[in-house]
Amino acid sequence: MRPEDFDYALPPEAIARYPAPEREGARLLVLPKKDGPPAHRAIRDLPRFLRPGDLLVLNDTRVMPWRLMGKRASGGKVEVLLIEREGGGVFRALVSANRPLPEGERILLPDGREAVLGPQGRERRLAFAEPGGLEAWIGERGETPIPPYLGRPAEPLDRERYQTVYARVPGAAAAPTAGLHLSEGLLAELEAAGVERAALTLHVGPGTFRPVKAARVEDHEIEEEACCLPAGTARRIGETRERGGRVVAVGTTVVRTLEWAAMEAEREGGGALLREGAGRAALFIRPGHRFRIVDALLTNFHLPRSTLLMLVCAFAGRERVLAAYEAAREAGYRFYSYGDAMLIA
């Protein structure tokens, strides 16, 4: 397979640069998993397409304000995106500046804070000189790391809207965007309709936006992301399957975590359906993948040639998905992180 097999045309005005006024204000394209034309609905209609006994699985990671602006001692601007905390004041980070930054260079940050760069590489280690009070300082000075394709700086509204209402576990550098549509009211309505829910955690990294540059899709390497599948969630998934309910993944991050946990359980043997507990998932799902756990998927409309679009194509078929994307474009749907949603069931 080639990256261009997953390409499609999208006019710039179709990119949602801001969220809808209300979380439930998004449109919903419903695509039958096997056959049949897509239906145009609203996210408020989601309870109509799920059944009592279905299990909605959410990613409860919390997006952190991990974009920081600093400067070199010489005065040049430096932009830092923290990716993952390794302990104390040490982070994995993406660092950009007009000129290469050598190992050991100090980055000067607001309020007299400083950080020292580790070895060269696409990612850098960044050690803050004084880790005391660091979390509160980042919360005050950091910016929400909204995607670059929004073409604007982060604004105060992004602190709330680029975050799910059920975000609980700090650690993400990007939002699990399918969940942005789910309000407390809609979740309560689903619960009243007999749709159960459970949570797992996958800390989304910036690699979620990294384009596939390899000539062959199969040669693309996906980045590891920290994840955790609680024992209670694994148990409820098993119970749902036993009684004939569907496992409904809210977002591609949930799909990656569940399918990775299922494959790990197979590899380890012992008869478990899923590997429980913490781990580091690096599963690249593309057409040809055999899905083990996920029966239905709520997701957004993803970038051309992206690994996320490839995952959706693996789930419902490349031609069906790309045809649905074309129908959505023609119908005026809004695309990407703050855009409309798609249910494949």
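What follows draws every value from the coordinates through simple rules; no lab data is involved. None of the values given here were measured: they were computed from a predicted structure. No Cβ is skipped: glycine too gets one built from the backbone with ideal geometry, and neighbour counts run over all protein chains shown.
Working from label points 7 Å from Cα in the Cα-to-Cβ sense, the F49 to K71 distance is 5.0 nm. Report, in whole Å, the centroid distance computed from the Cα atoms of segment 298-336 and segment 231-259. The two parts, judged by their Cα centres, are 22 Å apart.
Between E13 and E218, the C-beta separation translates, for a Förster distance of 41 Å, into a calculated FRET efficiency of about 0.75.
Computed over the chain, the per-residue total of -39500 (n - 2.57) for DSSP H runs of n ≥ 4 gives a 222 nm mean residue ellipticity of -6500 deg cm²/dmol, rounded to 500. Once C-alpha pairs closer than 8 Å and six or more residues apart are averaged by separation and normalised to the residue number of segment 67-142, the relative contact order reads 27 percent.
Go through P37, G25, A115 and say which Cα lies farthest out towards the positive end of the charge dipole of segment 1-142; charges sit on Cβ, +1 for Lys and Arg, -1 for Asp and Glu. The residue sitting most towards the positive pole is P37.
The Cα atoms of segment 67-142 give a gyration tensor whose axes a ≥ b ≥ c have a/c of 1.5 or more with a/b no greater than b/c, which makes the shape oblate. For the chain, the relative contact order comes to 25 percent (Cα pairs under 8 Å, sequence separation of at least 6). Between E189 and E140, residue separation times 0.36 nm minus the direct Cα-Cα distance comes to 14.1 nm. Rounded to the nearest 5, the antiparallel percentage of DSSP beta bridges internal to the chain is 70%.
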